[in-house]
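A.B. asks: The following block contains the structure, expressed as structure tokens.
The values are calculated or read from the model by the stated rules, or taken from the named source; none is laboratory data. Remember, predicted model here, so these are calculated numbers, not experimental data. Reconstructed Cβ throughout: ideal geometry from the backbone, glycine too, with neighbour counts over all protein chains shown. The area values use the complete protein model at the heavy-atom level, side chains included, leaving out ligands, DNA and RNA. Shrake-Rupley method; radii C 1.70, N 1.55, O 1.52, S 1.80 Å.
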Amino acid sequence: CLTDKTVSEPKWNSPGWQFLQGDNRYSIVFESDKGWSFFYGAVNATVIARVFFGNTDITDEIMALVATTVQWTRSSGNIPDDNTWVPVYGETKNVVKFIQEDMGSRWLETQQTTFTCKIFIPIGENTLPLESSISFNL
């Protein structure tokens with residue numbers, strides 16, 4: 001407890017408490033319902049970007065904050081196409097549905113497409129940027 005007689009709930013972002021469980025670093029961990037390698041023409045996966053504070057999953061709390069923003073970008077080796085790529089979101093912007101067309105026109109040649117997820121978390125009056133990448137392999 002950091003504040004005497006605080007009425008705030010003890011949790012990861014509470015101003016009246018310090019979180020001591022595990023480490024205090026934020027990270028993004030990806031989950032895919034179909035893995036990371038696919039046959040050409042057979043991509044059909046849903047990926048969730050989960051946010052962790054130490055070893056505690058705080059994704060639901062982070063995504064419930066109005067000021068949280070999520071950006072996904074693609075690197076397929078075709079910069080003009082990558083700049084116009086738009087993800088298909090699931091229930092929230094940390095959930096993306098990937099299909100063959102998301103891999104880019106050069107996937108057969110490069111055999112890998114990388115997606116970067118940036119999540120901007122509001123913490124007090126500041127914003128904490130988190131970034132992590134995943135690759136789909138042919």
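A.B. asks: Residues in region 75-91: is at least one part of a strand (DSSP E or B), open to solvent by less than 50 Å² (accessible area, probe 1.4 Å) and either at pLDDT 95 or above or closer than 19 Å to L138 by Cβ (or both)?
C.D. replies: Start the filter on region 75-91 by keeping residues that are part of a strand (DSSP E or B), which leaves 75, 88-89.
Remaining after also requiring open to solvent by less than 50 Å² (accessible area, probe 1.4 Å): none.
Checked region 75-91: no residue is part of a strand (DSSP E or B), open to solvent by less than 50 Å² (accessible area, probe 1.4 Å) and either at pLDDT 95 or above or closer than 19 Å to L138 by Cβ (or both).
A.B. asks: In region 45-64, what residues are over 21 Å from K97 (Cα atoms), open to solvent by less than 50 Å² (accessible area, probe 1.4 Å) and either outside any strand (DSSP E or B) or in contact with a His (Cβ under 6 Å, 6 or more places away or on another chain) (or both)?
C.D. replies: The answer is G54, I58.
A.B. asks: Please determine, by comparing only the residues of region 92-138 that are touching a residue at least 60 places away in the same chain (Cβ under 8 Å), part of a helix (DSSP H, G or I) and open to solvent by less than 20 Å² (accessible area, probe 1.4 Å), which one is nearest to V43 (Cα to Cα).
C.D. replies: The extreme case among them is M103.
A.B. asks: Here's a follow-up. All but one of (1) surrounded by 12 or more Cβ atoms within 10 Å (Cβ to Cβ); (2) touching a Ser or Thr at 6+ places or on another chain (Cβ under 9 Å); (3) within 23 Å of Y26 (Cα to Cα) hold for A67, so report the exception by its number.
C.D. replies: The failed condition is (1).
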